[in-house]
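Following: one structure in structure tokens, then a few remarks.
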Amino acid sequence: MTSAAAKVAVIGGGISGAVCASLLAGRGVAVTLFDSGRGAGGRMAQRREVMEDGTELRFDHGAPYFTVTNDEVAQVVGGWEARGIVAEWKAMFACFDRATGKFTDFEKEGSTKKYVGVPGMNSICKSLCSEDGVVAKFGVTVGKMDWLQDRSSWSLASLDGKDLGNFDYVVATDKNVGSPRFSGLTGRPPPLDLSLFPRLSVMVQDIPVRPCFALMVAFSEPLAMVPVHGFSFNNSDSLSWAFCDSSKPGRACVPPNRQSWVLHSTAEYASKVINHIGPRKPSVDALAKVAEELFREFQATGLSIPQPIFMKAHRCHCYRWR
């Protein structure tokens, strides 16, 4: 990309799309970002829930944190820290063995820095998508992408047929633009026909995407028998990860005497459920059953898990983040 006047469409407002849009805009490129959701975040999304008593709860139900292993990325994250949209999550983590009922592999604070968005994981994406030079359009699903040979540009249209404009380049950070899953969700063919781009088709197939259900729960008091703020599971058929969301920096919406947790299912459990209910959005009853099953497994740990004051399941598809 050599021209500063180039027009680029970025599809997807998750962390990949938001960072891409920010970096391009910083180099003088005209960027338009499209995302089918209500706002930025993608797999770093945060959900807002309100209890019957009016208490507001917020859950990072996607990626719980991220780490940095690259000096160039570390420099970028340092800039985010200076802006106050990222902070280090200084907490203790471990692994829980479901078979023995014991915690192992305790990881002390600072051994591996874990970063979170402030006040939510989606704060990073929201901030980047609002920077100068980035025009973000949410609630817009790109339904068609055509290469116009005579104009050497891409023509984009929404799912309902609305013209979204012509662009010199397209950056697709959402695998669904060329995935059969798009058809399962919308009943339409994917926007990009990957049969026309065999090399790209192979590359897309190599991107690991694993199904997952997230269970958001809140308790009236801290879990006294859980000595860590995050832990993975060994020997569990349905749970892979649990973390105390309210222990993250900047989570001031939860009263001090309460705790909010997010549990992630195993990919195997999620695949089994999806194979049974189909690829479309799960019904309320289906999600309620998932919530009951995952919470039952959480209580079966022997950690004296009390009944929650709030519980709700959510389905997501996650790239590998741990």
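Where a number appears in this text, it was derived from the coordinates with a stated rule and is not lab data. No experiment lies behind these values; they were computed from the predicted model shown. Cβ atoms come from the backbone with ideal geometry, glycine included; neighbour counts cover every protein chain shown.
With Cα atoms as the point set, the stretch 22-136 shows a radius of gyration and Dmax of 17.5, 57 Å. Within the chain, the percentage of alpha carbon pairs spaced more than 38 angstrom apart rounds to 19%.
Measuring from label point to label point, each 7 Å out along Cα→Cβ, what is the Thr55 to Glu268 span in nm? Calculated label separation equals 3.6 nm.
Order 168-174, 179-185 from most to least packed using the mean count of other Cβ atoms within 10 Å. Mind dumping the intermediate values first?
Details: 168-174: 18.9, 179-185: 15.3.
Going from most to least packed, we get 168-174, 179-185.
Looking at the stretch 8-64 alone, DSSP beta bridges between its own residues are antiparallel in about 50 percent of cases. Residues in the stretch 219-224 carry Karplus couplings, in order, of 10, 6, 8, x, 7, 5 Hz; the curve used is 6.51 cos²θ - 1.76 cosθ + 1.60 with θ = phi - 60°, and Gly or Pro positions show x.
log10 I(q)/I(0), Debye, Cα-only the stretch 1-90, no solvent, q = 0.20, 0.22, 0.24 Å⁻¹? Calculated log10 I(q)/I(0) at the listed q: -1.12, -1.22, -1.28.
Scoring 96-104, 46-54, 295-303, 33-41 by mean Cβ neighbours within 10 Å over their residues and listing the highest first yields 33-41, 295-303, 96-104, 46-54. Excluding Ile305 itself, what net charge comes from residues whose Cβ is under 13 Å from its Cβ, given Lys and Arg +1 and Asp and Glu -1? Once all neighbours under 13 Å are counted, the net charge is -1.
Ordered by the count of other Cβ atoms within 10 Å of each Cβ, fewest first, Phe106, Phe243 give Phe106, Phe243.
For the chain, the Cβ-based charge dipole about the Cα centre amounts to some 260 debye (Lys, Arg positive; Asp, Glu negative; other atoms uncharged). The stretch 263-287 and the stretch 206-261 have their alpha-carbon centroids 19 Å apart. For the stretch 172-263, the normalised intensity computed at q = 0.10, 0.11 Å⁻¹ comes to -0.49, -0.57 (log10 of I(q)/I(0), Debye sum over alpha carbons, equal scatterers, no solvent).
Using only alpha carbon pairs under 8 Å that are at least six residues apart, calculate the relative contact order of the chain and give it in whole percent. 20 percent. Full extension of the segment from Glu292 to Gln149, taken as 0.36 nm per residue of separation minus the current Cα-Cα distance, would add 46.1 nm. A cut-off of 5 Å between modelled amide H atoms, ignoring neighbours fewer than 5 places along the same chain, links Asn234 with Phe96, Asp97, Arg98. Calculated FRET efficiency, Leu303 to Arg27, Cβ-Cβ distance, R0 = 51 Å: about 0.50 to the nearest 0.05.
Extension gain for Leu223 to Asp132 (0.36 nm times residue separation, less C-alpha to C-alpha distance): 28.4 nm. What the Cβ-Cβ distance of Gln75 and Asp285 gives, at R0 = 41 Å and to the nearest 0.05, is a FRET efficiency of 0.30. In this label model, Gln205 and Met92 are separated by 4.7 nm, measuring between points 7 Å along each Cα→Cβ vector. Placing a pseudo-label 7 Å from each Cα along the Cα-to-Cβ vector at Glu107 and Arg38 gives an inter-label distance of 3.2 nm. The mean sequence separation of alpha-carbon pairs under 8 Å and at least six residues apart, normalised by the residue count of the stretch 187-290, gives a relative contact order of 29 percent. Positive-end ranking of Ser36, Phe59, Thr112 along the dipole of the chain, with charges on Cβ about the Cα centre, is headed by Ser36.
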